[in-house]
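**Student:** So that we are looking at the same thing, I have put the structure below in structure tokens.
Laboratory data are not the source of any read-out in this text; all were calculated from the coordinates shown. Here the structure is a predicted model, which means the values were calculated and not measured. Heads up, the Cβs are rebuilt from the backbone with ideal geometry, glycines too, and the neighbour counts pull from every protein chain shown.
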Amino acid sequence: MRSVINDLPASKIREVANAGMGRHDVLAFWFGESDEPTPEFVRQAAIDSLNRGETFYAQNLGLPELREALARYTAGLHPAVGPERIGVTSSGVSALMLATQALVGPGDEVVAVVPVWPNLTAQPAILGARVKRVSLRVRDGAWTLDLDALLQSITADTTMLLVNAPNNPTGWTLARSEQQALLDHCRRTGTWIVADEVYERVYFADGATAAPSFLDIAAPEERLVVVHSFSKSFLMTGWRLGWLVAPPELIDAMGKLIEFNTSCAPVFVQRAGLAALAGGDAFVPGLIRRLKQCRDTLIPGLAALPGMSVSNPLGGMYAFFRIDGQSDSLALAKRLVAEHGLGLAPGAAFGDEAEGWLRWCFASHDPARLTRGLARLDQAIRAIGI
Ligand SMILES: Cc1ncc(COP(=O)(O)O)c(C=O)c1O
């Protein structure tokens, strides 16, 4: 086995979850998904497809009608994008891996804005690239970008910039002016931007239907790949369906790469994706309202606890916080599960930069679950004696 594979760290979220999964008394908020199942109309579309016998291989880049539907969906949120710029993938994480395979090789430099969901930085490492981590900084309990530091770290030697906003785990979002500065800079250095925008709809700014996207400002032929997923906005984590938007020549190359990775996304899953897009206008705004209600239940509740540093995330579905005096997030998360039945993700899972922090996924069909979790955290803080 290659040593880089041998050295891959095991997931620290899993380490905590393994200690509590199967225990009915644990309130689990450790994974990045809602406890609400996929909407019925989406599930029905997959069932109908299977009943029609759609059990065969499909086009590498996805069903033409799904690529067209995704082009229309994108045009509803951003400047128009043709289907020739869209590739359907078997999940967002697969889209990220394909982009990384297409763009970087051994020894290439990748700059990543961190803390971030660990898969983003593991993928280039698996392919032998060097990952330069540029950390967000904490100001008044909120994670913010030091734009100058990021720009300075991206040079003509940087093949790819990886940026995830709205960000998992911190909730940090990119402002339009920051996107523009990054795009201008990467044009000069010849650096590809891989923008993970899977949380673009999970954005709580008044009147906005999506977070600012690089698609709003980049030309079609620019070195930009935007990664998307059906997982978060359509409650489809278990379906493994995503897509990417890229220049047409790169999409052609992606078709070849998809052949060697998964060959295609399953047709019945793509039919479910088509149904999700068709029903999206009726479904997504309600989901985002419910998530906002969850956020507005959890964050003030956390802020009221003693020794707490927490900020109100503008996007994503996570509260990211720290408690004074607690510096070992893995030990604390394990203790919270074992002694208080509260399942959170340790900040250390997202990089050393986030050590001491905890992530709480607030996507729940029932905000009362969050209130019960808050009571457990309150009790734990008192028991630990903070
Ligand atoms: C930042 C980020 N990107 C991508 C994904 C991948 O989503 P999926 O592989 O379920 O489509 C996730 C999932 O948690 C995520 O948090």
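**Student:** Taking the stretch 48-71 as the region of interest, how many residues are more than 15 Å from Phe230 (Cβ to Cβ) and not polar (S, T, N, Q)?
**Tutor:** Count: 13.
**Student:** Hey, any hits in the stretch 155-174 for a residue that's in contact with a Ser or Thr (Cβ under 7 Å, 6 or more places away or on another chain) and surrounded by fewer than 16 Cβ atoms within 10 Å (Cβ to Cβ)?
**Tutor:** So far as the stretch 155-174 goes, yes, one or more of its residues are in contact with a Ser or Thr (Cβ under 7 Å, 6 or more places away or on another chain) and surrounded by fewer than 16 Cβ atoms within 10 Å (Cβ to Cβ).
**Student:** Still on this model: As an exercise: evaluate Leu151 against (1) without any contact (Cβ under 8 Å) to a residue 60 or more places away in the chain; (2) buried (at least 23 other Cβ atoms within 10 Å of the Cβ); (3) not hydroxyl-bearing (Ser, Thr, Tyr) and give the number of the one condition it does not meet.
**Tutor:** Leu151 satisfies all of (1) without any contact (Cβ under 8 Å) to a residue 60 or more places away in the chain; (2) buried (at least 23 other Cβ atoms within 10 Å of the Cβ); (3) not hydroxyl-bearing (Ser, Thr, Tyr) except (2).
**Student:** Could I ask something else about it? So Thr121 ticks every box in (1) more than 16 Å from the ligand (Cβ to nearest atom); (2) of a type in the set (Val, Ile, Thr); (3) closer than 24 Å to Gly315 by Cα but one. Which box is left unticked?
**Tutor:** Going through the list (1) more than 16 Å from the ligand (Cβ to nearest atom); (2) of a type in the set (Val, Ile, Thr); (3) closer than 24 Å to Gly315 by Cα, Thr121 breaks only (1).
Yes/no matrix, rows are residues, columns are (1) aliphatic (A, V, I, L, M); (2) within 15 Å of the ligand (Cβ to nearest atom); (3) farther than 17 Å from Thr262 by Cβ; (4) part of a helix (DSSP H, G or I):
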residue: Leu50; (1), (2), (3), (4): yes, no, yes, yes
residue: Gly53; (1), (2), (3), (4): no, no, yes, no
residue: Tyr57; (1), (2), (3), (4): no, no, no, no
residue: Val88; (1), (2), (3), (4): yes, yes, no, no
residue: Leu96; (1), (2), (3), (4): yes, yes, no, yes
residue: Thr100; (1), (2), (3), (4): no, yes, no, yes
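**Student:** Just for the stretch 16-48: of the residues that are closer than 22 Å to Ala338 by Cβ, out of contact with any strand residue (DSSP E or B) (no Cβ under 8 Å at 6 or more places or on another chain) and touching a residue at least 24 places away in the same chain (Cβ under 8 Å), which one is nearest to the ligand (Cβ to nearest atom)?
**Tutor:** Asp35
**Student:** I've got another one for you. Suppose we keep only residues that are within 11 Å of the ligand (Cβ to nearest atom) and in contact with a helix residue (DSSP H, G or I) (Cβ under 7 Å, 6 or more places away or on another chain) within the stretch 224-234. Which one would you say is farthest from Arg43 (Cα to Cα)? First the steps, then the outcome.
**Tutor:** Step one: of the stretch 224-234, the residues within 11 Å of the ligand (Cβ to nearest atom) are 227-234.
With the extra rule that they be in contact with a helix residue (DSSP H, G or I) (Cβ under 7 Å, 6 or more places away or on another chain), the set shrinks to 227-231, 233-234.
Details: Val227: 24, His228: 20, Ser229: 17, Phe230: 13, Ser231: 14, Ser233: 15, Phe234: 11 Å.
Among those residues, the one meeting the criterion is Val227.
**Student:** Answer with yes or no whether Val131 is part of a strand (DSSP E or B) and either among the β-branched types (Val, Ile, Thr) or on the phi < 0 side of the Ramachandran plot (or both). Talk me through it step by step, then tell me what you get.
**Tutor:** Details: part of a strand (DSSP E or B): yes; either among the β-branched types (Val, Ile, Thr) or on the phi < 0 side of the Ramachandran plot (or both): yes.
So Val131 passes the test.
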